[in-house]
Every structure is written in C-alpha cells, then in structure tokens.
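> If you scroll down you'll find the structure; I have some questions about it.
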Amino acid sequence: AQVQRGSSASMVLILCIGDLHIPHRCPDLPPQFKELLKPGKIQSILCTGNLCSRTVIEYLRSITTDVTMVQGDFDEFTSPERSIVNIGDYKIGLIHGHQVSPFGDPAALARLHRQLGVDILVTGHTHEHKILKTEDGLQITLGSATGAYSTLSSKEAVPSFVLLDIDGAKATVYIYQLKDGKVKVDRIDHMKQAPAPAA
Amino acid sequence: MEGSAFGSEAEQERILGDAKLAIKRAAYSLHKSMEEDNLREALRFSAAMLGELRTSQLSPHKYYELYMLVFDMLVQLESFFGDERGKGRSYSELYELVQHAGNVLPRLYLMVAVGSLYIKSKEAAAKDILKDLVELCKGVQHPTRGLFLRAYLCQRSRTVLPDTGSAYEGPGGTVTDALDFLLSNFVEMNKLWVRMQHQGSVRDKEKREKERQQLADLVGKNLTYISQLDGLGYELYAGQVLPRVMEQVVSCRDDIAQQYLFQAVIQVFPDSFHLGTLDTLLGALAEMQPGVKVHTVVASLMDRLARYAAADPAVMVQLLDMRAFERFRDAIARIISAQPTMPAADAIEMYVALMNFTGNVHPNIVENVNQVLAAAHGALAPRGLAGDARAERALVVLLTLPITKYDVVTGLGLTEYPLLMGLLRQRTHKELATRIVHTVLDTGTKITSVDKAAMLFRFIQPLVHDEPIAGNEVSAGAISIDDLDDEDVAGEQVLVARLLHTLAADQADVQFQLLVTAQAQLVLGGPRRLRHTLPALGFCGLRLVRRLAMAPAGGKATEGEGVSCESVLQWLLGVGLALAEVPEGTGLGLRLLLAGAHAASEEAQLELLAYEFFEQALLLYEEGVADQRHRVTALHSIIGTLHGCHVFGPDNWDALVQNCGGYASRLLKRLDQCQAVCSCARLSWQEAASSTAPGLQPPVRDASKVLKGLGRALKIAAAAKQQAAAAARGVVPYGAGTTVAAATAPSTSYVWLYVEVLNQYLAYLTLGLEGCGPAVVQHVLDLVAAEVAAPGPGGPMDAETARFWGATLQHIRLQAAAPAGDVQARFALIKL
C-alpha cells in the first residue's frame, strides 16, 4: 500500500540503504557508517533488500522504527517485491533490481520507473552507486552499504549509502562513500518537475 | 568456669548494669582518694574497681564494655602513680606495694600499670619487668579475663620495649627481648582467644563466634607491634618471628584464628620478607583447617607480591628467579588435594589470583596462562562443577581474563582453554563462546593459519555443533539444537557466519584449507545451522576464486600452490548443492549456484563448469521451487545471470536460453509470462563482457531472435485479452474497476501487457536494433493504441494502466523532442 510520510512543508531525512549482505558476504557495517547512523537524525529508512539476516532488520529498526523494505534475492526472510512511499511532494518507488534484465541497465530501470509512475526510483543489486537525472525523474541505484563482494563487478566495491533530504518539491541527495577509511560525501540537488500533461 | 552458659540477654544486661554501677562508685571514691593524695585508699578502691572485671557471667561483647569503663579510670590512675615518684617513693616500692592486692586479677592490672612506669624510670631493666609480667599473667587462664588483661599489658608495654635505638635498649635488653615478650604474649593471647569458643552454650555458638571474631585485633596488635620494631630485620623475622607465629597458627587448629592470623601476617609484614619466606607460608597454608578460606589468603599473598613487583623491576626478576609462579601453582594444587571438601568456586578463585599474578608479573610468558588453565582443568575435571552457579561464575571470570589480557590470536595458542571451557554448562559455555566471537570481530582479528582456525572452532564449539569436546566427558546439562527455536539458531549462526569472514590467509592454498577446515566443522552442526552458515562459506569461496583469477597465474594451479579456480569452484558447487538440501535452503542454494556460474564464466572462463552450475540451478528451479512468487523471481535471477555470461559456445548457450524460454512461458500468470519472455528476448542481445579474457566469446547479438521473442510476448498479451473476454462472460468481471490494482502491484489488465511490450520495442528503438526501426515500432504502437482505445471485455481501462500508457507516450514525445541525434531522429518518425 502507498504510505504518506512527512507533510510537504516539513523537511524529512531519509536513509536509502541496501545490499548489506550480512553475514553472507560481510561481517558487519563499517564502523564509520555505524557512527553516522545513530538514532535520532533519520526519520525513515528505505531499504532495497539483501540485508540478508533478520538481525540486520533489528539494527535498521534501532535507527528509526519507520523502515520500508523490499525483497532482495539473498534475503532470508520475506518482504514485498516492490513498494511505493510518498514523502513530501515525492512518490518514491523501491525495488531491489534483480528483477530487471540486464541488471542495472538504465533503460530497463527507466521502463520500471514509468511502470511504477514514481518521481524517484531507488534500486540496488549492482553494488555500484549511480544517480541519474532522467526524463522520468531521479534514478538512484544504491551501492552496497558494506562494500560487499559482487559477482557483477570485479572492482572492489566501495561501501556507500544515500541520505535523501526532502523539503516539499526540493530533494537533496547526499551520497556517503567510504574510501580509504574516510567518509566522503557528495551532493546532488533536484527539483521536482511540473507534472507531465495528460496524454 | 569454662563451658558454662551465659545468662539470658536480660540477665546479662542486669549483671552489666550492676557491675557498671559498682565500678562508678569505686571510681568516685578512687577519684576522691587521689585528690586527697591518699595512696593506700587509692589502691584499695582501684582494687575494688578492678575486681568487677573478675566476672565470668558476661559474654565477651559485654565484658568489653566493662573493660573500656575501667580502662578510662586506669589512665587517670597511671598518671597518679606517675606523680608518686616526685614524692620520694620509688617505683620498685610501688611495684611491691600493688602486689598486696588481695585478688590476682586486680593485682596484675595494677602491676602492669606500675610496671611500665617502672621501666620508664629505668630503675629496673625493661626485659626483667616485661618477662615478669608476661609470666605472671599466666595466672589468669579464664579466656575473656586473660585476653583483656594481656591486651592491657600489650598496650601499656608498647612504648617501653627495648627495641633497637630505643631508650630502653642496652642494660634494659635488646630487640630479642622485645620480640620474646611480644611473641610470648601473642602465643598466650591466641590460646585464650581460641579457647573462648568453648564458653557459653552450644545453642548460640554462631553469635559467640561472631563476637570472638570481633576480638581478633586484640591478638593481632602483638603482630603489628612486632612489625613496627626498628630492630626487626629479615634474619630475625625469618629465623625467630615467622617460625614461632606459624607454629602457633598451625597448632591452634582453629578456623577463625588461622584465617585471621594468616591474613595479618601477610598484611603487617613487609613484602620483601614474604619473598624470602614464601615456602614457609605456602607450606603452612596446606596445613590449615578445612574451614579456613585458604583461597583468599593465597590470593591476597599473590596480589600483594604482584603489586610489589609492579613497583620495582628488580622484584620482578627476583620472582622469576625464585620461580614464584611455579611455587604458587604447586602450592595451590597441594591445597586443593589437602582439602577435598573445598568448594570449586574457592579453588577457581585461587587460579584467578594466579592468572592475575602471572599476568602482572610475567605478562610476556603466555605459556604460564596455559599452565594456569591446565592446572585448573586438572583440579576441576575430576569433580566437575555439577551446576554450581558460584563456581560457574568464577570459571567465567577465569576464562575471561586471557581474552581481555591478550589479543585473540595469542589467546588461540592456549591449547588448554577449550578443555576448561568444556566444564561450563552449555548455556554458560555458549555465552563465553559468543563473547569470544565478538572479541574476534570487534578487534578485526584475521585468522591466518589452519591451526588457528581449528583452535578457534574448538573455542566456540557449542555455537558450531553439539559434539562433546575431545578430552572431556559430555558436559552437564547439554542442550542440543533440538531444544532451540529457529530464532535462537539464527542468532547464533549469524555470528558464526560473520566469523567466517575473518579467515584470511596470505596464501591462496592455505585460504582454501581454511575454508575446508571450517566446512568440516560446520557440517557437524546439522542442516538447521548450515542454512545460515553455508551462504557465507560459499561467498568466502567466491572471493577466493576472484583472488586466484586476478593472480598472475590467472587462476590456474601453479607449482606448489595446489589450488586453482577450478578446484575452488568444484568445491563451491558442492557447497551450493548442500545448501539447497537444507530446510528452506533451496532459494539461497539456487542463488549461490548462480553466483558460482557467473564466476565460472566471467572470472575463470570454465565453460563446462559454468554450464554445470546453470544445469544444477535449473534443476533446482524445476524441482525445488514451488511457490509461484519465488518461481518468478528465481527465473529473473537465472535470466539476469545468464545475460551476463560470455563463456558459452553457441550450442550450450542455445540450450540454456531455450530452457529459460520454456520456463518463462510456463509461468502461471500472463503478466509474469510476458515479462519473463521479454527478459529472455533480451538474452539474444548481450552487452560486451567486462573482461577481455581469451576464454570469452563475443557478446551474442541476434536481432531476429530478439524480435521473435517480442512477438511471443505480444501473443501472450493477446492470450490475456482472450482470457479476460472469457472471464467477462462469467460472473466476475475481469479487471473491472480500479480497486483491483493495488498501487504496489502491477495492473492485472491485459492492456498493461500490451503497453509493457511496447516499452520493450521502444528500448530496442533506442538501441538501434536491426529490424526494429520506426516502421516496426509504429506498427506495434498502432496495435497497442487500438487496444487502449477499444472498450475491452472487462470494461474501461484501469487508472494504473492509463497512467502507464500516458507515461509511455510522454517518453516518445520527449525522445522526439530531444536535441538532434540518431535516437531522436528515429523517435521523431513515430506518429502518435
């Protein structure tokens, strides 16, 4: 079901995170990230799945109780396949990404974007973060929060997550990456476009 | 009088009250006579006052009250005596005079009072008077009376001892005389104190013993004064003091006295003395009564010496030279075997102290820690802990010390550790094992050798499997996995799985051995545990494959390195299949096989092995995945993985693609069929491989097969339409109303399928696929537009589909309106 979060006037900070793969591929989240993700700052969590054990759900819920999760291909529990969340003026679609072929293909994701009819599409699976401004809105592909091994890329994965700061029609995307033990933050500003004229 | 019971509490209060009154009266008269300077009267009244101390009817506690009252008066009497000399009376005369008192107890008190003044005046040799007094006091053998009399003697003589450097040395005697005096008084006092236990009735023995304990310091004062003698050197201490004190301590055979005095000796005499007399002390400890808490005595001795050593490096060397650790270790063993009834917790506390001792004194000798563990195991294993909660707690304390004191890798060298751990009840054992795992994880420790890995698994054994530890009997209260619910199993095994990532050898072949070692242990844990641990084990294997593939040898086994990508992948295949066998492991097993397939293809370029992985994954899909939703997502994973594989020659490729196509069209729901068939079509248009390895094929690019696939997808949409028409003829309208489509699920309308396939065509138009130009796309667009426009069998199109259709048209418009280019040109030709 669709859920409305945050009135359009107030600012809402949303953690977008996924592909932790604990304990399958990584023992834990990097301590630097754990330090950042203390309870109290984040209102909502959108999780693209592959946590993979239940104990990680408990961890996410300790940050904030408002957690929306979708099914990853390695999750040891069941979640919805996809989810749509309304925050501020935004409709955000959430799906893990192993359902589209080729994995992580921008065109395939754009198709999904149109199907869901959302302003922001958040996916994961590739373990390489990529943020595109497309005709459909923002296409956010999350990296792995733990920098977990992935068969899809032979590059050493960089641990990353995204914070979405939504203020009405304004969205700011903060990309947190862990490089050489240091947290690096990039930022992308986005304004919601006027709705497309009806066909 | 010994053995007689005291009266009731009320009766004693009355006797005490009467005695106090009598003392106050006598004291009043005494006061008066002193003011009048009447010595004779003063002596008479003081004898009367002191006579009240002759009672045997008061418990030591009440007697003490009486004594304190008298003591205050004695202080005044002493100063009165002190003034007598000025009046021409010598102390020898006074000393003589007080002996005329009729009763022995008042007489002795007065003699003591005068005696110290006598010594002070130097009219007589200190040693003679002291010897006289200490001997005469033997005349009072009643425990309470005698003890307090001698306490007074001890207190009064303190300042007039012929100690080295004191004013009373020389003609007055030597430090030996001072020692003789204090030691004799000590021995006599202790005897009286010990005999005090026989006073009163058996009924209130406990209360009496408590009272007796409160008098300990009266006896201990003698030892304190001995320790304060300036003339007391080590020789004198070791030759005279300690042997006589210890002889008394051992021979008195009394729990309270032994406990107190042993502690007192350790506390009051300097640590440097203890270093030299360690054997005497330890030897005496083994001879203590069973009721004595020897463990606290040994522990405090070790603690003191450790602190002493910490302040002085020379002492540390000395302790090492004298093999103090070994002596303590052996003494503890002797004590335990001499006291078979000693509680296990007490025995363990001694080992805790020994562990602390070696940790502080010899922090670098890790072998000592192992020896403590071995000794503790040797002492405890025969009797076991038998569920004794206090012993359990003590053992956890003992076992926690090495983990906190040393790094984990060093800790893993402690071969005796797991054996001792095995004595804990399984619940406690598990808690400790959990703590060890957390320590390993939190410290970022890497396990680099097979020995260490094997050891680690021994340390955390109860988390891994239910087999008993070799060398131990089955531990008490063993819980098997059958007693745990799924949540508990998951909690424990997630921890074990996390631990697997700490296995990290420098050499690839050793790394492989580490994984095989881990696997052998995990398998013992049974299917319910394996479900949680095998995925992690599998991915450790995949990381090793990548490491080998990136190595100069390119994943082939080289001389000396017995491991190759192929051997690891073969092993991984087994892990994946084993995972698929465990309850609820099918989905994860299938995914692990797919990951293996991708690695076999892209990283190892092993076509047949990659095929084998796919074959097994497909078999699992066919036979093991029953749930429709899981079938859909599993098939997407299979197709998506295959799309990224470039190792296959045409025959193998076609076989796999055809199988996928078959499964796609056999999915239950039309929507799922349609989407899966579209994904299969995409298999014939591959991206380039990310590596340029020689074993890889160029990407598959077959436009006609893609279009054939899309045509099949259109047929599925048409079939959905017919199905909807059939349903509409029935009672329930198909796809009617907007309430059917939940926002998060795709629309159930067949029109949705048409729009979806149109989007596929548009994607290929963007790609510039041969045979999928504007004309072909226009044809499909018109077809779909007609379906959208026509009132369908289920009524008007639902809102979700309408929105999707609108978004699709908008996409075409935006692409056509984009800056000029190939893609824009193709889209510009589409008419809406």
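The values are calculated or read from the model by the stated rules, or taken from the named source; none is laboratory data. Bear in mind the structure is a predicted one, so any value in this text is a computation, not a measurement. Please note: Cβ atoms are built from the backbone with ideal geometry, for glycine as well, and neighbour counts cover all protein chains shown. We work out accessible area using only protein heavy atoms, side chains counted, and drop any ligands, DNA or RNA first. Shrake-Rupley method; radii C 1.70, N 1.55, O 1.52, S 1.80 Å.
> For region A:128-164, enumerate the residues that are assigned to a strand (DSSP E or B), modelled with pLDDT of 95 or more and within 14 Å of chain B (Cβ to nearest Cβ).
Selection gives A:Gln139 alone.
> Inspect region B:683-694 for any residue being aromatic (Phe, Trp, Tyr) and farther than 23 Å from B:Leu592 by Cβ and give the result as yes or no. So that I can check it myself, show each step before the final result.
The initial filter retains those residues of region B:683-694 that are aromatic (Phe, Trp, Tyr), namely B:685.
Add one more test, that the residue is farther than 23 Å from B:Leu592 by Cβ, and what stays is B:685.
The answer is yes; a qualifying residue exists.
> Here's a follow-up. Which condition number in (1) open to solvent by less than 50 Å² (accessible area, probe 1.4 Å); (2) in a helix (DSSP H, G or I); (3) aliphatic (A, V, I, L, M) is the one that B:Leu414 fails?
Going through the list (1) open to solvent by less than 50 Å² (accessible area, probe 1.4 Å); (2) in a helix (DSSP H, G or I); (3) aliphatic (A, V, I, L, M), B:Leu414 breaks only (2).
> Within region B:517-529, can one find any residue that is within 36 Å of the chain's Cα centre (by Cα), open to solvent by less than 30 Å² (accessible area, probe 1.4 Å) and within 12 Å of chain A (Cβ to nearest Cβ)?
Taking region B:517-529 and keeping what is within 36 Å of the chain's Cα centre (by Cα), we get B:517-529.
Narrowing further to those that are open to solvent by less than 30 Å² (accessible area, probe 1.4 Å): B:518, B:522, B:525-526, B:529.
Within this subset, residues satisfying the condition of being within 12 Å of chain A (Cβ to nearest Cβ) are none.
Checking region B:517-529: not a single residue is within 36 Å of the chain's Cα centre (by Cα), open to solvent by less than 30 Å² (accessible area, probe 1.4 Å) and within 12 Å of chain A (Cβ to nearest Cβ).
> Out of B:Ala610, B:Ala536, B:Ala600, I need the residue that is within 25 Å of A:Asp28 (Cα to Cα), buried (at least 21 other Cβ atoms within 10 Å of the Cβ) and modelled with pLDDT of 95 or more. Which one? If you could, list the steps in order and put the result at the bottom.
Details: B:Ala610 fails: within 25 Å of A:Asp28 (Cα to Cα); B:Ala600 fails: within 25 Å of A:Asp28 (Cα to Cα).
Matching residue, one of B:Ala610, B:Ala536, B:Ala600: B:Ala536.
> Within region B:163-185, count every residue that is more than 20 Å from B:Gly220 (Cα to Cα) and in contact with a Ser or Thr (Cβ under 6 Å, 6 or more places away or on another chain). Show your work before the answer.
Applying the first criterion (more than 20 Å from B:Gly220 (Cα to Cα)) to region B:163-185 yields B:164-174.
Going one step further and asking which of them are in contact with a Ser or Thr (Cβ under 6 Å, 6 or more places away or on another chain), we end up with none.
Counting residues in region B:163-185 that are more than 20 Å from B:Gly220 (Cα to Cα) and in contact with a Ser or Thr (Cβ under 6 Å, 6 or more places away or on another chain) gives 0.
> Filter the helices (runs of 4 or more DSSP H) completely within region B:1-90 down to those with at least 2 residues that are among the polar types (S, T, N, Q).
Working: elements: B:9-35, B:39-51, B:60-84.
Ranges flagged: B:9-35, B:60-84.
> Next up: Working only within region B:481-491, note down all residues that are open to solvent by 30 Å² or more (accessible area, probe 1.4 Å) and within 14 Å of chain A (Cβ to nearest Cβ).
If the condition is that a residue be open to solvent by 30 Å² or more (accessible area, probe 1.4 Å) and within 14 Å of chain A (Cβ to nearest Cβ), then B:Asp485, B:Asp486, B:Glu487, B:Asp488, B:Gly491 are the ones that fit.
> Output yes when any residue across region B:561-580 is within 13 Å of another protein chain (Cβ to nearest Cβ), open to solvent by less than 10 Å² (accessible area, probe 1.4 Å) and out of contact with any helix residue (DSSP H, G or I) (no Cβ under 6 Å at 6 or more places or on another chain), and no when none is.
No: region B:561-580 contains no residue that is within 13 Å of another protein chain (Cβ to nearest Cβ), open to solvent by less than 10 Å² (accessible area, probe 1.4 Å) and out of contact with any helix residue (DSSP H, G or I) (no Cβ under 6 Å at 6 or more places or on another chain).
> May I pose another question? Please verify whether region A:175-182 includes one or more residues that are crowded, with 22+ Cβ neighbours inside 10 Å, modelled with pLDDT of 95 or more and assigned to a loop (DSSP other than H, G, I, E, B).
No, because not a single residue in region A:175-182 is crowded, with 22+ Cβ neighbours inside 10 Å, modelled with pLDDT of 95 or more and assigned to a loop (DSSP other than H, G, I, E, B).
> Go through region B:760-791 and count every residue that is more than 60 Å from the chain's Cα centre (by Cα) and open to solvent by 20 Å² or more (accessible area, probe 1.4 Å).
Within region B:760-791, the subset more than 60 Å from the chain's Cα centre (by Cα) is B:761-762, B:764-791.
This time we only want the ones that are open to solvent by 20 Å² or more (accessible area, probe 1.4 Å), so: B:766-768, B:770-771, B:773-776, B:778-779, B:782-783, B:785-791.
Qualifying residue count, region B:760-791: 20.
> Continuing with this model, one more query. Name the single residue that is nearest to B:Gly768 (Cα to Cα) among those in region B:680-703 being at the interface with chain A (Cβ under 9 Å from one of its Cβ atoms) and of a type in the set (S, T, N, Q).
That would be B:Gln686.
> Can you spot a residue in region B:341-351 that is out of contact with any Phe, Trp or Tyr (no Cβ under 7 Å at 6 or more places or on another chain), over 22 Å from B:Ala381 (Cβ atoms) and open to solvent by 10 Å² or more (accessible area, probe 1.4 Å)? Give the derivation first.
Keep residues of region B:341-351 that are out of contact with any Phe, Trp or Tyr (no Cβ under 7 Å at 6 or more places or on another chain), which gives B:341-351.
After this cut, where a residue has to be over 22 Å from B:Ala381 (Cβ atoms) as well, the list is none.
No; the residues of region B:341-351 include none that is out of contact with any Phe, Trp or Tyr (no Cβ under 7 Å at 6 or more places or on another chain), over 22 Å from B:Ala381 (Cβ atoms) and open to solvent by 10 Å² or more (accessible area, probe 1.4 Å).
> Something else now. Can you name the condition, by its number, that B:Val751 falls short on among (1) modelled with pLDDT under 95; (2) open to solvent by 30 Å² or more (accessible area, probe 1.4 Å); (3) within 14 Å of another protein chain (Cβ to nearest Cβ)?
Going through (1) modelled with pLDDT under 95; (2) open to solvent by 30 Å² or more (accessible area, probe 1.4 Å); (3) within 14 Å of another protein chain (Cβ to nearest Cβ) one by one, B:Val751 breaks only (2).
> Now, a different point. Answer yes or no as to whether B:His630 is within 46 Å of the chain's Cα centre (by Cα) and either surrounded by fewer than 18 Cβ atoms within 10 Å (Cβ to Cβ) or at pLDDT 95 or above (or both). Before you say what the answer is, go through the steps one by one.
Numbers: within 46 Å of the chain's Cα centre (by Cα): yes; either surrounded by fewer than 18 Cβ atoms within 10 Å (Cβ to Cβ) or at pLDDT 95 or above (or both): yes.
Judged against the criteria, B:His630 is a match.
> Of the conditions (1) farther than 28 Å from B:Gly88 by Cβ; (2) among the small types (Gly, Ala, Ser); (3) outside any helix (DSSP H, G or I), B:Ala124 clears all except one; give me its number.
Every listed condition holds for B:Ala124 apart from (1).
> Out of everything in region B:454-480 that is surrounded by fewer than 15 Cβ atoms within 10 Å (Cβ to Cβ) and over 22 Å from B:Glu416 (Cβ atoms), what residue ends up being modelled with the highest pLDDT?
Going through region B:454-480, the residues surrounded by fewer than 15 Cβ atoms within 10 Å (Cβ to Cβ) turn out to be B:467-468, B:470-471, B:473-474, B:476-478, B:480.
With over 22 Å from B:Glu416 (Cβ atoms) added as a condition, the list becomes B:477, B:480.
Numbers: B:Gly477: 52, B:Ser480: 76.
That would be B:Ser480.
> Turning to a different aspect of this structure: Identify the single condition in (1) within 14 Å of chain A (Cβ to nearest Cβ); (2) assigned to a loop (DSSP other than H, G, I, E, B) that B:Gly771 does not satisfy, given that it satisfies every other one.
Unmet condition: (1).
> Among B:Gly649, B:Gly624, B:Gly640, which is open to solvent by 20 Å² or more (accessible area, probe 1.4 Å) and either farther than 27 Å from B:Ala724 by Cβ or more than 46 Å from the chain's Cα centre (by Cα) (or both)? Give the derivation first.
Details: B:Gly649 fails: open to solvent by 20 Å² or more (accessible area, probe 1.4 Å); B:Gly640 fails: open to solvent by 20 Å² or more (accessible area, probe 1.4 Å).
None of the other options fit; the residue is B:Gly624.
Yes/no per residue for (1) in contact with a Phe, Trp or Tyr (Cβ under 9 Å, 6 or more places away or on another chain); (2) open to solvent by 90 Å² or more (accessible area, probe 1.4 Å):
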site	(1), (2)
B:Ala27	yes, no
B:His31	yes, no
B:Met34	yes, no
B:Glu41	no, no
B:Ser46	yes, no
B:Arg54	no, yes
B:Ser59	yes, no
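> Considering only residues that are part of a helix (DSSP H, G or I), away from chain A (no Cβ under 14 Å) and not acidic (Asp, Glu), which ones fall in region B:783-825?
Applying the first criterion (part of a helix (DSSP H, G or I)) to region B:783-825 yields B:783-789, B:799-816, B:822-825.
Checking which are away from chain A (no Cβ under 14 Å) leaves us with B:783, B:786-787, B:822, B:825.
Of everything in region B:783-825, those that are part of a helix (DSSP H, G or I), away from chain A (no Cβ under 14 Å) and not acidic (Asp, Glu) turn out to be B:Leu783, B:Ala786, B:Ala825.
> Another question, if that's okay. Filter the helices (runs of 4 or more DSSP H) completely within region B:300-407 down to those with at least 1 residues that are within 18 Å of the chain's Cα centre (by Cα) and of a type in the set (Ser, Thr, Tyr). Spell out how you get there, then give the answer.
Working: elements: B:313-321, B:324-338, B:344-361, B:366-380, B:389-405.
The helices (runs of 4 or more DSSP H) meeting that bar are B:344-361, B:389-405.
> Report the residue count in region A:150-172 for those that are buried (at least 20 other Cβ atoms within 10 Å of the Cβ) and in contact with a strand residue (DSSP E or B) (Cβ under 8 Å, 6 or more places away or on another chain).
Of all residues in region A:150-172, those buried (at least 20 other Cβ atoms within 10 Å of the Cβ) come to A:150-152, A:157, A:159-164, A:166, A:171.
Going one step further and asking which of them are in contact with a strand residue (DSSP E or B) (Cβ under 8 Å, 6 or more places away or on another chain), we end up with A:150, A:152, A:157, A:159-164, A:166, A:171.
Count: 11.
A quick yes/no check of all residues on (1) under 24 Å from B:Arg253 (Cα atoms); (2) under 46 Å from the mean Cα position of the chain (by Cα); (3) outside any helix (DSSP H, G or I); (4) at pLDDT below 95:
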residue	(1), (2), (3), (4)
B:Ala167	no, no, yes, yes
B:Leu179	yes, no, no, no
B:Gln197	yes, yes, no, yes
B:Ser201	yes, no, yes, yes
B:Asn222	yes, yes, no, no
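> All but one of (1) within 14 Å of chain A (Cβ to nearest Cβ); (2) open to solvent by 50 Å² or more (accessible area, probe 1.4 Å); (3) under 28 Å from B:Arg528 (Cα atoms); (4) out of contact with any Lys or Arg (no Cβ under 7 Å at 6 or more places or on another chain) hold for B:Met550, so report the exception by its number.
(3)
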